[in-house]
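The values are calculated or read from the model by the stated rules, or taken from the named source; none is laboratory data. Note that the structure is a prediction, hence the values are computed from the model and not measured. FYI the Cβ positions are ideal-geometry reconstructions off the backbone, even for glycines, and counts take in every protein chain you see. Accessible surface areas use protein heavy atoms only, side chains included; no ligands, DNA or RNA. Shrake-Rupley method; radii C 1.70, N 1.55, O 1.52, S 1.80 Å.
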Amino acid sequence: LGFENRKIVLSGIGHYFPETIIDNSFYNDLDIGSDSQWIEERVGIKERRSVLSLEEIKALRRGEITREDLVRAGRIMPIEKMVKNAWLLATRRAGKQPYAIDTVILGTSIPDWHIPANACAVAASLGLECAAFDVNSACASFVVDLHVARALLLAKAAATVAVFNAERYTTGVNYTDRTSCILFGDAASAAILDTNPGARGLQLIDTIIDSSPAEYDKVQFPVGETFRQNGGAVQKFAITKSVETTQTILERNNLTPKDLRYLITHQANLLMLQNTYDRLGLTPEQRAFNVDTKGNQGACGAATVLSSVWDGLKPGDNVVVVVVGSGLTWGAALFRAC
Ligand SMILES: CC(C)(COP(=O)(O)OP(=O)(O)OC[C@H]1O[C@@H](n2cnc3c(N)ncnc32)[C@H](O)[C@@H]1OP(=O)(O)O)[C@@H](O)C(=O)NCCC(=O)NCCS
């Protein structure tokens, strides 16, 4: 089709976690029948972060305030503020600042704006004068955003793309529902995809995305309501798709699981993650995750893990990121350190 195979490099990535730490015992105080031991044994999460204070979460649980009250009072940290530190780390790692970005893509499950695109608010606050738009695909957003960015870069419709993800699920869950409010943590990430010949970092070699729209009712966050999911059904689906998609992206690039430095999966549940790793026969050293201390960060989970292993990567290391989320949508990205 006339697409020239350009070398695309993730030249920098950064992450941000807000300060409030929610441990499992906190949910005991909400009086919703939550059991710390159940959470640790069945979900594997010990702590997660929130843009809210613990007092604000208790007030939400007691019905004394609503999310809308917190928004009106300016108590919910905006996305552009969340991504700022992630952006500083990404640009420091990429070694250039200010950066000549020509396209900004942002994915979030919980936007600040219906209009404009949240990417425009982020670009404005970071002083990036360029095309900016949102591509949201819930927990699969990071890989879907990479897939869209890669297509633009290969088509020469862009030269340097910034991909932002930010999640604040702790402001939108139902704090009377013990099965869902314990899962989530807030986070943000920023990544720079560069086609300049001298770019170093992680070469983006391949991406895959796919969806099963008939299952759009399995994980939902309807406008004006709170998060809900059929956790059991999604769990089986997520494990199967994570394994299959990892195998597909490896096989079509003549690799096997043994060739991986790291596999990074969607950070939904530590047990799910370990089951996926076991099925692929991966060693403990090949398993990178942060769901145990940061919870399910939606679109950001895999990106914040990638950011945390960044400094230890060596040329030639292969890394696969595989994600599954609401949609149901899934995808994978293959990187090689260069
Ligand atoms: C959500 C999830 C953690 C639930 O784990 P599970 O082992 O399937 O547990 P179940 O939902 O069957 O619940 C088992 C029991 O534990 C209870 N329980 C749930 N949360 C609890 C808590 N915090 N404390 C104590 N008990 C709890 C349930 O109410 C249920 O009780 P019941 O049998 O009396 O009804 C798990 O299914 C999961 O991680 N799914 C995948 C989610 C995912 O990948 N989503 C992708 C998009 S983000």
Inset, instruction - Grab the eigenvalues of the alpha-carbon gyration tensor for the chain, scale each by 5, take roots, and send me the semi-axes largest first in whole angstrom. - result: 31, 24, 17
Legend entry - Assigned charges on the beta-carbon of Lys, Arg, Asp, Glu; the chain dipole about Cα centre (debye): 780
Legend entry - Under the span-like rule (Cα at least 24 Å along the axis, Kyte-Doolittle mean at least 0.0), DSSP H helices of the chain: 231-251
Legend entry - Computed [θ] at 222 nm, deg cm²/dmol, the chain (DSSP H ≥ 4; -39,500 (n - 2.57); rounded to nearest 500): -9500 deg cm²/dmol
Inset, instruction - Using a 10 Å cut-off on Cβ atoms, rank the peptides 315-328, 135-148 from the highest mean neighbour count down. - result: 135-148, 315-328
Inset, instruction - Would you mind calculating the relative contact order of the stretch 25-142 from Cα pairs under 8 angstrom and at least 6 residues apart, reporting the percent as a whole number? - result: 19
Inset, instruction - Please find, in a Gaussian network model of the chain (springs between Cα atoms separated by less than 10 Å), the residue of N24, N269, N196 whose mean-square fluctuation is greatest. - result: N196
Inset, instruction - Whenever you get a sec, line up L88, L255, L52 from highest to lowest accessible area (probe 1.4 Å, protein heavy atoms). - result: L88, L255, L52
Legend entry - Test item: Cα-centred dipole of the stretch 1-74, Lys/Arg +1 and Asp/Glu -1 on Cβ, debye: 460
Inset, instruction - Give me the accessible area of F289, 1.4 Å probe, in Å² rounded to the nearest 10. - result: 70
Legend entry - Farthest toward positive dipole pole in the chain [+1 Lys/Arg, -1 Asp/Glu at C-beta], among V135, L146, A302: L146
Inset, instruction - Roll a 1.4 Å probe over the protein heavy atoms and report the accessible area of C120 in Å², nearest 10. - result: 60
Legend entry - For the stretch 154-243: relative contact order, % (alpha-carbon pairs under 8 angstrom, 6 or more apart): 27
Inset, instruction - Could you list the GluC sites (Glu not before Pro) in the stretch 46-86 that lie in coil according to DSSP, counting only those with at most 15 other Cβ atoms within 10 Å of their Cβ? - result: E64
Inset, instruction - Excluding residues fewer than 8 places away in the same chain, name every one of the lysines whose C-alpha is closer than 16 Å to that of K96. - result: K84
Inset, instruction - Using DSSP, restrict attention to beta bridges with both residues in the chain and report what percent are antiparallel, rounded to the nearest 5. - result: 70
Legend entry - Farthest positive-ward along the chain dipole, Cα basis, beta-carbon charges - from I65, I110, L126: L126
Inset, instruction - Mind grabbing the accessible area of L89 for me, 1.4 Å probe, Å², rounded to tens? - result: 30
